[in-house]
Each structure stands twice: as C-alpha cells, then as structure tokens.
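Have a look at the structure below, then the notes.
Laboratory data are not the source of any read-out in this text; all were calculated from the coordinates shown. It should be emphasised that the depicted structure is a prediction, and the values quoted were computed from it without experimental measurement. Here Cβ is always computed from backbone atoms with ideal geometry, including for glycine, and neighbour counts include all displayed protein chains.
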Amino acid sequence: MPADTPLAASPFKQFQAWMAEAETAEVNDPNAMILATVGADGQPSARAVLLKGMDERGFVFYTNKESRKGEDLASNPRVCLLFYWKSLHRQIRIEGGVEDVTDAEADAYYASRPRISRLGAWASQQSRPLAERGILEERLAEAERRFPEDQIPRPAYWSGYRVMPTRFEFWQDMPFRLHDRTIYQRDAGGIWLQTKLFP
C-alpha cells in the first residue's frame with residue numbers, strides 16, 4: 001500500500017477492508033487478536049482470542065467470565081486489541097471500553113459452536129489450577145453424561161464482551177522503517193478524525 005493511499009473515513013470500514021484482505025492472505029485465524037487487560041493489582045496481561053462479531057458498535061469475543069481476563073475486565077473494563085497480519089505487514093491497534101453482549105447474542109453464538117466446544121465450556125474451570133489433564137477429560141465425560149442430547153444450555157458464566165473503540169491505529173510497514181501510521185479518534189461531535197504519526 002503506497003503511503004499516500006487514502007484510508008476510509010470510517011475506521012470500521014477501513015478495518016473491514018483490511019480484514020477482507022487478511023482472510024485471503026493469512027493461513028491461520030485471520031480473526032485472531034491480542035487482548036490486553038489490566039488486573040485490579042495493576043498487572044497487565046495479554047492473550048490471543050478470536051474476533052467473533054464486528055459492527056459499528058464494536059468488536060465481540062467470547063470467554064468464561066470467571067477466567068483471568070474476566071476478572072480483569074470486572075475490575076477494569078478497558079482494553080487494547082491488536083491485530084497483526086505478518087503476511088500483509090500490517091497491524092491494527094484498538095483501544096476502548098467493554099460491555100457485556102446481550103444474553104440473546106451469547107445464546108446464539110454458543111448454539112453455533114461444535115458440541116464438544118459447548119461441553120468444554122461446562123468442563124473447563126478456565127484459568128484455575130489443573131493437577132493433571134485427566135481431570136479435565138473426566139469433567140468433559142461428566143458433561144457428556146449430563147447432556148446426552150444436542151441441546152446443551154449455555155453456562156451462566158460463559159458469555160461475551162463487546163469492545164467499544166475510542167481510538168484506532170492502522171499501521172502499514174514501509175521500506176526503511178518509514179512506516180505509515182494513521183490514528184482515528186472521535187471529536188466532540190462524534191466524528192472520526194484521522195491524524196498521522198511519525199513512525
């Protein structure tokens with residue numbers, strides 16, 4: 001991408017354009033994103049999660065809300081997302097607050113998951129100590145016995161979050177480390193404004 005190529009007026013439309021290219025260029029999980037949180041003790045933590053929904057309200061991912069990330073978000077509902085597409089030499093950073101998705105959204109996504117993944121949500125005490133893998137496998141077997149049919153209810157502790165952006169940075173690798181960096185931030189009227197940053 002030439003440095004003078006204009007970006008879309010909306011950061012969401014620009015994201016969709018880059019994501020569409022990533023879906024054809026990246027071999028594995030173009031929707032993978034690094035989620036950075038900060039716990040009540042001030043300790044940052046980061047992990048890869050999968051983007052499962054996106055519109056102009058924000059970016060959605062799902063998890064066990066009793067996990068470390070869930071505990072972090074309960075105490076500090078602000079995050080940073082990072083998409084990095086090595087093959088395209090691009091990254092997007094997104095900063096913002098989070099909100100819970102609706103029960104209807106969580107139910108619909110949960111129902112779309114493979115059976116074993118739904119059972120796994122019951123079996124895994126995410127982020128808690130595990131003495132040996134056999135315990136997880138036994139918990140999964142217990143869940144299979146408990147829910148022998150395909151109708152498996154969503155656990156109350158398993159749901160999703162929507163990241164509501166306040167700032168985007170689109171980064172494009174350029175020769176000699178003269179990278180192109182574009183920031184989107186909303187003005188007082190809610191209009192997204194673009195500025196460039198030195199690389």
Phi-based couplings in Hz for region 171-181 (Karplus 6.51, -1.76, 1.60; Gly and Pro marked x): 10, 10, 4, 9, x, 6, 6, 8, 5, 9, 10
At 222 nm, what value in deg cm²/dmol follows for the chain if DSSP H runs of at least 4 each add -39500 (n - 2.57) and the sum is divided by all its residues, to the nearest 500? -8500 deg cm²/dmol
In whole Hz, with x marking every Gly and Pro, tabulate ³J(HN,Hα) for region 51-59 from phi via Karplus 6.51 cos²θ - 1.76 cosθ + 1.60, θ = phi - 60°. 5, 10, x, 7, 8, 6, 7, x, 10
Search the structure for amide H atoms under 5 Å from the amide H of ARG186, placed 1.01 Å from N in the peptide plane, and list their residues when 5 or more places away or on another chain. LEU193
How many nm separate the modelled label positions at MET54 and ILE34, each set 7 Å beyond the Cα in the direction of the Cβ? 1.7 nm
